[in-house]
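Report on the following structure.
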Amino acid sequence: QMQLVESGGGLVQAGGSLRLSCAASGRTFRTYVMGWFRQAPGKEREFVASITYDGGSKYYADSVKGRFTISRDNAKNTVYLQMNSLKPEDTAVYYCAADIRPPRMTSLEYHYWGQGTQVTVSS
């Protein structure tokens, strides 16, 4: 079992930055692939970024590439999403997720999910 708790969301102006955190329970965090996803009102949940268990490989959606950075600290059981140059279209609930071996790094088929944190970007 793994529990995930996101934090760091909020209201920011376009062009601003936010850093999301996702704290995970359990001593096996370092064995999990971690991902960030988002869901805007009226839209389907979509992949944002993911990172391998050791942080050696990272993957990003084209829409956030160059603006967002995913990282993890296995000593703190935490994964981060640094979001820069935010745009109104980044407004969504952001979720972190964990899986030992997701079908694809960009897949939504992760086993464990957090409750989400709201990010609102004003124009």
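Rule-based calculations on the coordinates, nothing more; no lab input. Note that the coordinates shown come from a computational prediction; the quantities given were computed from them, not determined experimentally. Neighbour counts run over all protein chains shown; Cβ positions are idealised from the backbone, glycine included.
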**OP:** Report, in cubic angstrom per residue, the convex hull volume of the C-alpha atoms of the chain.
**Re:** 90 Å³
Original post:
Once both labels are modelled 7 Å past Cα along the beta-carbon direction, what's the Ser57-Thr106 spacing in nm?
Top reply: 1.3 nm
Original post:
Most mobile of Ser25, Ser50, Ser71 per a Gaussian network model of the chain (Cα springs, under 10 Å)?
Top reply: Ser25
Original post:
How much net charge surrounds Ser107 when only other residues with a Cβ under 13 Å from its Cβ are counted (Lys, Arg +1; Asp, Glu -1)?
Top reply: 0
**OP:** Quote the charge dipole size of the range 2-123 about the Cα centre in Debye, to the nearest 20; the model charges only the Cβ of Lys and Arg (+1) and of Asp and Glu (-1).
**Re:** 240 debye
**OP:** Could you work out the local net charge near Val33, counting Lys and Arg as +1, Asp and Glu as -1, over the other residues with Cβ closer than 13 Å to its Cβ?
**Re:** +2
Subject >> Linear extension gain, Ala40 paired with Ser17, 0.36 nm per residue minus alpha-carbon span >> reply: 6.5 nm
Original post:
Can you give the net charge of the other residues whose Cβ lies under 13 Å from the Cβ of Ala98, counting K and R as +1 and D and E as -1?
Top reply: 0
Subject >> Phi-based couplings in Hz for the range 36-51 (Karplus 6.51, -1.76, 1.60; Gly and Pro marked x) >> reply: 10, 9, 8, 9, 8, x, x, 10, 7, 5, 9, 5, 10, 7, 8, 9
